[in-house]
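The block underneath contains the structure these notes are about, expressed in structure tokens.
Coordinate-derived values only; no laboratory data. Note that the structure is a prediction, hence the values are computed from the model and not measured. Counting neighbours? That spans all protein chains shown, and the Cβs are built from the backbone with ideal geometry, glycine included.
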Amino acid sequence: MDGYQQRTELKKSAIREAALSLFSEFGFDKVSLAEIARKARVSPVTLYNYFGTKDELIKKVMSSFLEEEWMRYRELFHSNLPFPDKVKKMIFDATHWNERVNRHLLQQLLSDDPEWRSLVERIYKDALPELIRFIEHGKEEGYIDTGISTNTILLYFNLMKEMKMTSLFKQHIHDTKTIDELTHLFFYGLLNQKMIEE
């Protein structure tokens, strides 16, 4: 990649990050292309040349974000980290999804745009077998109770994902003690292990 291509990619990345930040804070309707260009420190013409109209920009930015997030999770599933550490990062890693996107944006896109729903469904179809394999691996290693169905565990993961999008969760996500306790709750529940053993 030559210098020109590198500068182009840096500008595109800056535009995507600026758009995602502004959309998450103010919503799609209240953000103009001029505001995105200003935040990204590029000209409106440059933004238009790379991404087109606002609708095209929204689709490209949000689909790119979802693809990147899925690739990040896929790499995590296949990493050499111990299973509990993978789960902890998957649910409680605050540096990506829950700080970068507003849940209402996704809901708006899913309700307004069949093309977007199709994209989300495609990513979900790719992700589901990987997630099932991840759960089965956790069972094989003895971290997950084999008596609990995979469907119930998938539901549990989904509930945790929903929780992580809430403002209450975001207020406490930087407290490592809280994260450690939530991880403990994830694996062991509320019951005192000593009481169970007695």
| request: Please find the FRET efficiency linking GLU130 to GLU35, where r is the Cβ-Cβ separation and R0 is fixed at 35 Å, and quote it to the nearest 0.05. | output: 0.40
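Order of SER118, SER43 from fewest to most other C-beta atoms within 10 Å? Each step should come with its number before you reach the end.
Working: SER118 10, SER43 13.
Ranked by crowding around the Cβ, least crowded first: SER118, SER43.
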| query | What aspartates and glutamates sit close enough to LYS12 to cross-link, taking a C-alpha to C-alpha distance under 17 Å and skipping anything fewer than 8 places away on the same chain? | reply | ASP2, GLU35, ASP55, GLU56, GLU67, GLU68
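Which pairs, out of LYS39/LYS86; LYS39/LYS125; LYS59/LYS177; LYS30/LYS125; LYS39/LYS60, put more than 27 Å between their alpha-carbon atoms?
Numbers: LYS39/LYS86 34 Å; LYS39/LYS125 35 Å; LYS59/LYS177 38 Å; LYS30/LYS125 32 Å; LYS39/LYS60 18 Å.
Check vs 27 Å cut-off fails for LYS39/LYS86; LYS39/LYS125; LYS59/LYS177; LYS30/LYS125.
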| J(HN,Hα) series, the range 65-77, from Karplus relation 6.51 cos²θ - 1.76 cosθ + 1.60, nearest Hz, glycine and proline x | 4, 5, 4, 4, 5, 5, 5, 5, 5, 4, 4, 5, 4
